[in-house]
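Read-outs throughout are calculated quantities, based only on the coordinates presented, and are distinct from any laboratory measurement. Note that the coordinates shown come from a computational prediction; the quantities given were computed from them, not determined experimentally. Methodologically, a virtual Cβ is constructed for each residue, glycine included, from the backbone with ideal geometry; neighbour enumeration extends over all protein chains shown.
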Amino acid sequence: MTNPTVAVGARTPLRRGAELAARASRVLPAGVSSDARRGLPEPVYVDHALGAHLTDVDGNDYVDYVLGQGPMILGHSAPEVVEAVTRQVARGQAYAGQHALEIEAAELVQAMVPGAELVRFNTVGSEAVIGAWRLARGLTGRQKILKFEGHYHGWLDAALWSLHPPVDAAGPREAPLPVAGSGGQQVSAAGDIVLAPWNDLDAFSAVLAEHRDDIAAVVMEPLLCNTGCIAPAPGFLEAVRKLTSAAGALLVFDEVITGFRLARGGAQEWFGVVPDLAVFGKAIAGGLPVAAIAGRAEVMDQITAGSVGHAGTFNSNPVGMAAAVATLGRLHRDGDELYPSLRATGQRLMSGLRSAAASAGVPMLVDGPGPVFQTYLTSADAVNDYRDFAATDRAGMARLHAELLRRGVNIVPRGLWFLSAAHTDDDVDRTVEIVADILRTW
């Protein structure tokens, strides 16, 4: 039996959480199952989640702006998702065979995403990225991938380069050097990575021209969300689209975060630029592990022909597909009301945070479209790329995250905030009040 829920802002000691942390340290490296969860300031162990709130095992309530790192676009335990998953679990969990739900889910992706002529499902975004790169290499006969410094495309060896490298090891801003993101990473994989700075069209053009005949794909987060929340400069995506095509390479959007969050059609709809391939995850299935590759039929039909392999035991798992159909169905059906409301709630929160910081005299930049946004501790007017992000007060942001968590507000530690359809004006007002109280004594 869990403790009665303690309201946001109040606090009971994390005794049960501390007990679980001690147990976890004896069986899990660093006491966690993902490096994204290590190093949290306190032993918060979740008991359950509903709507826009988490409740920990000690009975404390949190307004949740992490949302499972983005998947919970409808909020936690959305009734339509719970009902669909519960129904499917009773019918079977893994078939190793075809079923109607995967067709329904693919039809919804196709209907919602401008560039989705054909769809293949995966389990997580990291493997979908590698699948997209394989398709690009298969079609072009080239090997190299051009990515942007500060962009994240999964934790696998081929992709984990120059996410947040030490600036003194990262080379010149206009021509960054690939820096491995982990010990034990396959060093030879760096030979297939070419780097460019985000939002610098001249630098991108120069890098692309230098490696023109070797680039299979240009890959990006079209809204950079793993390093702040940085929009493309006006005209940047359109120019990259044009130059990439002229070079005979494919343009790949990593929409693991932006997909179905910015709009029904994700970043492709939001920015009006359509890539050759895109990868999706997170919000696609309302919290269950589902990812997808979607794109032009000419590219995807390499799988049809058998010239490019793609497989996975849990691809189109029926429980995940049930969740995807329920989630995408709601977004497709109600998107005309849901997305404007989601953006308005996010923008109202952003405005409140700006006012709280200004009143306290704390230099804070709040930036993003609303469904996802970033708070930076900086006096700069804008953050345009990784080097700008690296110059912000990241230690201060970690401190702000810790203070918020202690008072019942859960954000991504680096300062990213996700909104859901379940967040209310009361959630926003309470959050702004807590932030203002913290910043008054900053």
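Could the peptides 331-337, 319-325 be put in order, highest first, of the mean number of other beta-carbon atoms found within 10 Å of their residues?
Per-residue Cβ counts within 10 Å, averaged per peptide and sorted highest first, yield 319-325, 331-337.
Label points 7 Å out from Cα along the Cβ direction at Gln185 and Glu238: separation in nm?
Reported label-point gap for Gln185 and Glu238 is 3.5 nm.
Quick check: the distance between the Cα centres of segment 315-349 and segment 234-312, to the nearest angstrom?
For segment 315-349 versus segment 234-312, the Cα centre distance is 18 Å.
With a 10 Å radius around each residue's Cβ, average the other Cβ atoms per peptide and rank 345-352, 53-60, highest first.
The peptides rank, most packed first, as 53-60, 345-352.
Considering only the chain, what is the antiparallel percent among its DSSP beta bridges, to the nearest 5?
The answer is about 60 percent antiparallel.
Estimate the FRET efficiency between Ala175 and Ser351 by the formula 1/(1 + (r/R0)^6), using the beta-carbon distance for r and 30 Å for R0, to the nearest 0.05.
Once the sixth-power term is evaluated, E becomes 0.20.
In a GNM of the chain with a 10 Å cut-off on Cα contacts, which of Gly415, Gly75, Gly183 has the highest mean-square fluctuation?
Top of the fluctuation ranking is Gly183.
Can you tell me, using C-alpha contacts under 8 Å and at least 6 residues apart, the relative contact order of segment 79-331 as a whole percent?
31
Could you point to the label whose value was computed as mean projected area of the Cα convex hull in nm² for the structure here, given (1) 22.8; (2) 21.1; (3) 24.4?
(2)
What is the magnitude of the charge dipole of the chain about its Cα centre, with +1 placed on the Cβ of each Lys and Arg, -1 on the Cβ of each Asp and Glu, and no other charges, expressed in debye to the nearest 20?
Computed charge dipole of the chain: roughly 760 debye.
As an exercise, use a Förster radius of 51 Å and the Cβ-Cβ distance of Glu42 and Glu337 to find the FRET efficiency, rounded to the nearest 0.05.
0.85
Given the options Arg37, Arg296, Arg354, state which has the largest fluctuation in a GNM of the chain using a 10 Å cut-off (strictly under) for Cα springs.
Arg37
Using Cβ contacts closer than 10 Å as the measure, can you line up Ser77, Ser307 from fewest to most?
Sorted ascending by nearby Cβ count, the order is Ser307, Ser77.
Would you look at the GNM of the chain, springs on alpha carbons closer than 10 Å, and say which of Pro369, Pro234, Pro318 moves the most?
Pro234
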